[in-house]
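**Q** Input: one structure, supplied below.
The values are calculated or read from the model by the stated rules, or taken from the named source; none is laboratory data. As the structure is a computational prediction, the values presented were derived from the model and not from experiment. Here the Cβ positions follow ideal geometry from the backbone for every residue, glycine too, while neighbour counts run over all protein chains shown. Areas reflect the complete protein model, heavy atoms only, side chains present, ligands, DNA and RNA absent. Shrake-Rupley method; radii C 1.70, N 1.55, O 1.52, S 1.80 Å.
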Amino acid sequence: MRSAVGAAIAAVGLVTTIVGTFLPWLKSGSTTRDSYEVLSLRDLAGLDGVAGTVVTSVWVGLTPLAMVTIALYVVRFPRFAGCVGILFGTIGGTVALVATVQGDNKGGLVGISTSGPVTTLAGAVLTIVGAITVLTSTRRSAVRTSGGNP
């Protein structure tokens, strides 16, 4: 039962994290951009080479990774899904935490919009909590060995 609850929490966290990546992450005047639109500006941040490709690939790969993780929970590979969920939550949560800590710059022309990063961070935390719950749940079964003590 505990494993099923953990899997449900992780699944909600996975979906919440992905939804957060589509919410506003950057605002410039009256324009807001989600995390994927921000990635298109990576050349301006000096990430135009291999580093930019790696960052983009990892971030864009989060959505398929979330779907694979949910599928692993559904087909009853909870421990493997839990390990993948911790990796997913760590990657998404770290990026979202950095953006959240930078905060909402209300006075500037360009700033971080906190709705996307905060939602993504909350989802990542739920994913990790659910995955840890799954990984720490144990199945106990009575196993008797023949010829041993009763």
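**Q** Once both labels are modelled 7 Å past Cα along the beta-carbon direction, what's the Val68-Arg2 spacing in nm?
**A** According to this spin-label approximation, the distance is 2.9 nm.
**Q** Continuing with this model, one more query. Taking amide H positions as placed in the peptide plane 1.01 Å from N, state which residues far from Asp34 in sequence (5 or more) or on other chains have amide H under 5 Å from it.
**A** Amide H neighbours of Asp34: Trp25.
**Q** Probe radius 1.4 Å, ligands and nucleic acids ignored: give me the carbon and sulfur share of the accessible area of region 1-88 as a rounded percent.
**A** On the way: 3590 of 4970 Å².
Reported share for carbon and sulfur atoms: 72 percent.
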